[in-house]
Amino acid sequence: MSKISINADRLLGRLRELGEIGRDPSGHLTRLAASDADKLGRDTFIRWVQTAGLDVRVDRLGNIFGIWGELSPDRPGPLLVGSHIDTVIDAGKLDGCYGVLAGLEVIQTLMESGKVPDFPIAVAAFTNEEGVRFAPDMMGSAVFAGALSADAALGAFDTNGSTLGEELERIGYAGAEPVGFFRPRAYLELHIEQGPVLEREGVDIGVVEGVQGISWQRITVEGQANHAGTTPMSMRRDAGVAAARITTFLDELANAGAGALVATVGCINFSPNAVNVVPGKVSLTVDMRSPDLTILKSAETRLAGYLDRLSGQTGCAISSERLAMTDPVLFDKDLVRTIERVAAARGLSSRRMTSGAGHDAQLLADIAPTAMIFVPSVGGISHSPKEHTPDDHLVHGANVLLETVQSLSLA
Ligand code: GLV
Ligand code: MN
Ligand code: MN
């Protein structure tokens, strides 16, 4: 097979351009799912998909597909590549966008090279991967893969009381296709590592064998708002203290897990949130992850037991609501080996690894052979404006994706 390479300038230029959409005047990038900024990002992506000559299809969940070739109900579906273009708050420009734009770049490169694949190839931009505005995360791919109902996803509320369904209608991305209107024959996702391993070890490519499980909960603590000066310590029902203890409990639980468990309280809301008022109500989020389902489940059980005891100790009512739960997944062994072989053939070093971050690929793995390719993240930083990967690594990763797609789709 002759070696071709992606058009690096086009890929890097598009990454830069998409990375400017949703940037506020002070330079912070936020493109939450189904927001005005997301609409502009989607419009731009679709313009590029159309320029490349692909057929654009949007499903009811707003998942966007650019398809090269004819889908037929009688044959297995396309080889699918992709990721997401929604972002967290104050994001970097690579998380998700790299996989989507590199997917498009790979298809465009193959089209321009005159190669004709044995079956359709498609690029996907899945809706609301981040889950920051609407829970759960990986929502578009979860519905696509049949792990979540479309009605549940479209009915999810943001903190202003709008549903995803209403917001997709508003921005013009409640598409016509039924969710899951095709079943991919395989799925590949290229992504920045978002962690420190590849950079620390000086390795070019991460060959991802699986993704750790994710458990999200929202905990609500209800105490008694009262005067901060007049209420004796012994007579308080301080929801803020309970929230602080929950945070400390989780930190200790994860630190005792010898690397097999991570836990984060990423969001806390105090009410009434005033300097001289004992907090009457606090809601906080819990994100726990482990590659081992038994450890994750046991962490959930231990947290539930702690909340019961804490409620007795503090006199606060404590309730919890599940926001998301994704089991750990293992990717397809043949695809993992193919990626490893392709990296070596391109003269790139690689190592196998488990993803710490959640990805659409972990949902797709339920319905199709799936694997992921990682490139290094400088300083291991992501979900931050400091997220960065040098251009040569971005290009290497896209070429590994290109050659993997080639080796799967061209005789
Ligand atoms: C997705 O970005 C995650 O939270 O891992
Ligand atoms: Mn991502
Ligand atoms: Mn992310």
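The values are calculated or read from the model by the stated rules, or taken from the named source; none is laboratory data. Quick caveat: nothing in here was measured; it's all calculated off a predicted structure. In this analysis, Cβ positions are derived from the backbone assuming ideal geometry, glycine residues included, and neighbour counts consider all displayed protein chains. For accessibility, only protein heavy atoms count, side chains too; no ligands or nucleic acids. Shrake-Rupley method; radii C 1.70, N 1.55, O 1.52, S 1.80 Å.
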For this session: Inspect the range 38-46 for any residue being of a type in the set (S, T, N, Q), modelled with pLDDT of 95 or more, assigned by TED's automatic domain parsing to the domain that holds L94 and within 24 Å of E130 (Cα to Cα) and give the result as yes or no.
Result: yes
For this session: Report yes if some residue within the range 208-218 is in contact with a Phe, Trp or Tyr (Cβ under 7 Å, 6 or more places away or on another chain), outside any helix (DSSP H, G or I) and open to solvent by 30 Å² or more (accessible area, probe 1.4 Å); otherwise report no.
Result: yes
Problem set entry | Subset of the range 138-151 [in a loop (DSSP other than H, G, I, E, B) and open to solvent by less than 10 Å² (accessible area, probe 1.4 Å)] | M138
Problem set entry | E130, sole failed condition from (1) acidic (D, E); (2) open to solvent by 10 Å² or more (accessible area, probe 1.4 Å); (3) away from ligand 2 (no atom under 16 Å from the Cβ) | (3)
For this session: Considering only the range 293-411, give the strands (runs of 3 or more DSSP E) lying wholly within it that have at least 1 residues that are of a type in the set (A, V, I, L, M), buried (at least 19 other Cβ atoms within 10 Å of the Cβ) and assigned by TED's automatic domain parsing to the domain that holds V282.
Result: 317-326
Seminar exercise, completed: So, first residue within 16 Å of ligand 2 (Cβ to nearest atom) and of a type outside the set (S, T, Y) in the range 186-207, second residue open to solvent by 10 Å² or more (accessible area, probe 1.4 Å) and part of a helix (DSSP H, G or I), Cβ within less than 6 Å, six or more apart or across chains; the pairs are G195/G380
Exercise. Quick one: would you say K115 is within 16 Å of ligand 3 (Cβ to nearest atom) and assigned to a loop (DSSP other than H, G, I, E, B)?
Worked result: no
Problem set entry | Pairs where the first residue, in the range 310-335, is within 30 Å of T370 (Cβ to Cβ) and the second is acidic (D, E) and in a strand (DSSP E or B), C-beta under 7 Å, 6+ apart | L330/E209; F331/E209
Problem set entry | Positions within the range 265-282 being assigned to a strand (DSSP E or B), in contact (Cβ under 8 Å) with a residue 24 or more places away in the chain and open to solvent by 30 Å² or more (accessible area, probe 1.4 Å), in sequence order | I268, F270, S271, V277, K281
Exercise. Among the residues of the range 133-148, is there at least one that is assigned by TED's automatic domain parsing to the domain that holds S83, out of contact with any Phe, Trp or Tyr (no Cβ under 8 Å at 6 or more places or on another chain) and among the acidic types (D, E)?
Worked result: no
Problem set entry | Where a residue in the range 156-182 is charged (D, E, K, R) and its partner, wherever it lies, is surrounded by 16 or more Cβ atoms within 10 Å (Cβ to Cβ), with Cβ under 6 Å and at least six apart | D158/R133; D158/F134; E167/A34; E177/R57; E177/D59
Exercise. Among the residues of the range 353-396, which ones are hydrophobic (A, V, I, L, M, F, W, C) and within 15 Å of ligand 2 (Cβ to nearest atom)?
Worked result: A357, A361, L363, L364, M372, I373, F374, V375, I381, L394
